[in-house]
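The values are calculated or read from the model by the stated rules, or taken from the named source; none is laboratory data. Since the structure is predicted, the reported quantities are computational estimates derived from the model, not experimental observations. Please note: Cβ atoms are built from the backbone with ideal geometry, for glycine as well, and neighbour counts cover all protein chains shown.
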Amino acid sequence: MISLRIKLYLNPGEYKNSVALPIDFRSNFISIIKNLTENSVISERFEKERPGYSPYVFSVNFADIFSIDDQNIVIKPPVIMTISSGKYEVISTICNKAINKKSQLISNSLDLYLKKIALPPLKKIKKARQSFKIYSHAVFRGSNGYLNGSKMQELEEATNYHMLMHHQLLRTELDWADNSSLEPVEVDLSQTFLQKGVCLHYGGQLTTLQGVIGLNGSPESLQFLYDFGIGVRKGQGFGLLGVAR
C-alpha cells in the first residue's frame, strides 16, 4: 500500500487577521471534496444515500482559535485541510484538480481561496507498536451508540470492526487491487490518552474522542489506519491520524 496525503491551505479572499466559520463547519469542507472529485469515479459516492466507508479521510485544522460560541468559531487563517488515502487514484484526482484551482475560490459559502498545496513526505509504518495523534476528532460507533472512551474494550472492538469492514469494502466494491489481509489491533493503554469531545455535525451532536491512541498490531493494519483513518464518518472530517512524536 502507498501512503499519500495532500495539504490544502485556505485563506479568505481579502487579507484578514481572523475568519468566522460556522460551528457546524465540516459540511462545507465535504463540499470542497465533492468539488475536487467532480466527474471522477469518486464523485459517484456523493449520489448515494448510504455511500458506506470513504476511500479517503480528511481533517480540518486551524493556525489558531480565537473564540467559540454557539454559532461560530473564529480562527486565525490559514485553514489547513489534510486529505489522506492509501488509494493512489484518490489523491492523484484531488491533487490534479487542486492544482488547477490554485488561487481560486474553493468555497463560496466560506469565502475561502486555495492559496497553497503541499504534499507531506510518505510515511511507512514498520513497527508493530505505534502511537497515533488524532487530528481534531474521531468518532467510534459501538453496539449501543457512539463511544465516549470510558470502556477501552469497546473502543478496541469498534476500531477493529470498522477497520476490517472498511478494508473489505475497498477490495470488493471499489475494485481495489489489494491482496493483503489485515489483523485485529490492540489498544495499548500505556500509550493511550483520550478525552471525550462533542461536535455539532449536520445539526446534531456527535460524541467524539480526542488525543493520542496507542495501537499494537501488524504494520499492515497500522498502515491502513494511518492511510484511511480510524472509526467512522471518516469521509466527513473525522478520524485522521498522525504519528505521535
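Filter the range 189-227 down to the residues that are among the polar types (S, T, N, Q), surrounded by 15 or more Cβ atoms within 10 Å (Cβ to Cβ) and under 12 Å from S131 (Cβ atoms) and list them by number. Break it down into steps so the answer makes sense when it comes.
Here is the first cut: in the range 189-227, the residues among the polar types (S, T, N, Q) are 190-192, 195, 205, 207-208, 210, 216, 218, 221, 223.
From what's left, surrounded by 15 or more Cβ atoms within 10 Å (Cβ to Cβ): 191-192, 207-208, 210, 216, 218, 221, 223.
Q191, T192, N216, listed by residue number.
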> If you go through the range 43-70 one residue at a time, how many are out of contact with any Lys or Arg (no Cβ under 9 Å at 6 or more places or on another chain) and outside any loop (DSSP other than H, G, I, E, B)?
Replying inline: 7
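With R50, R45 as the choices, which residue is under 25 Å from N96 (Cα atoms), modelled with pLDDT under 95, not aliphatic (A, V, I, L, M) and not assigned by TED's automatic domain parsing to the domain that holds K234? Before the answer, list the steps.
Working: R50 fails: under 25 Å from N96 (Cα atoms).
Exactly one of R50, R45 is under 25 Å from N96 (Cα atoms), modelled with pLDDT under 95, not aliphatic (A, V, I, L, M) and not assigned by TED's automatic domain parsing to the domain that holds K234, namely R45.
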>> So M165 passes all but one of these: (1) surrounded by fewer than 19 Cβ atoms within 10 Å (Cβ to Cβ); (2) touching a strand residue (DSSP E or B) at 6+ places or on another chain (Cβ under 6 Å); (3) within 19 Å of K234 (Cβ to Cβ). Which condition number does it fail?
In response: (2)
> Pairs under 9 Å by beta carbon, first residue surrounded by 23 or more Cβ atoms within 10 Å (Cβ to Cβ) in the range 134-152, partner basic (K, R), six or more apart or different chains?
Replying inline: A138/R233; A138/K234; V139/R233; V139/K234; L147/R141
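Got a sec? Which of V57, V90 is of a type in the set (V, I, T), touching a Pro at 6+ places or on another chain (Cβ under 6 Å) and within 27 Å of T172 (Cα to Cα)? Give the steps one after another, and end with the answer.
Values: V57 fails: touching a Pro at 6+ places or on another chain (Cβ under 6 Å).
Step by step, each of V57, V90 is checked, and only V90 is of a type in the set (V, I, T), touching a Pro at 6+ places or on another chain (Cβ under 6 Å) and within 27 Å of T172 (Cα to Cα).
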> What are the pairs, 6+ residues apart or on separate chains, where a residue within the range 25-52 that is without any contact (Cβ under 8 Å) to a residue 24 or more places away in the chain has its Cβ under 7 Å from a residue that is of a type outside the set (A, V, I, L, M, F, W, C) and surrounded by 20 or more Cβ atoms within 10 Å (Cβ to Cβ)?
Replying inline: S43/T37
> Could we say that H162 is assigned to a helix (DSSP H, G or I) and in contact with a helix residue (DSSP H, G or I) (Cβ under 7 Å, 6 or more places away or on another chain) here?
Replying inline: no
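Right, L174: touching a helix residue (DSSP H, G or I) at 6+ places or on another chain (Cβ under 8 Å), in a loop (DSSP other than H, G, I, E, B) and at pLDDT below 95 or not? I'd like the intermediate steps shown before the answer.
Values: touching a helix residue (DSSP H, G or I) at 6+ places or on another chain (Cβ under 8 Å): no; in a loop (DSSP other than H, G, I, E, B): yes; at pLDDT below 95: yes.
Against the criterion (touching a helix residue (DSSP H, G or I) at 6+ places or on another chain (Cβ under 8 Å), in a loop (DSSP other than H, G, I, E, B) and at pLDDT below 95), L174 does not qualify.
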> How many of the residues making up the range 40-56 are in contact with an Asp or Glu (Cβ under 8 Å, 6 or more places away or on another chain) and under 19 Å from R141 (Cβ atoms)?
Replying inline: 1
> When the residues of the range 22-37 are filtered to those that are of a type outside the set (S, T, Y) and crowded, with 19+ Cβ neighbours inside 10 Å, which remaining residue is farthest from Q71 (Cα to Cα)?
Replying inline: L36
> Out of all the residues in the range 1-20, which are surrounded by fewer than 19 Cβ atoms within 10 Å (Cβ to Cβ) and touching a helix residue (DSSP H, G or I) at 6+ places or on another chain (Cβ under 9 Å)?
Replying inline: M1, I2
> Among the residues of the range 1-39, which ones are among the basic types (K, R) and touching a strand residue (DSSP E or B) at 6+ places or on another chain (Cβ under 8 Å)?
Replying inline: R5, K7, K16, R26
>> Considering only the range 150-157, I want to know if a residue exists there that is over 30 Å from S40 (Cβ atoms) and either part of a strand (DSSP E or B) or among the hydrophobic types (A, V, I, L, M, F, W, C) (or both).
In response: yes
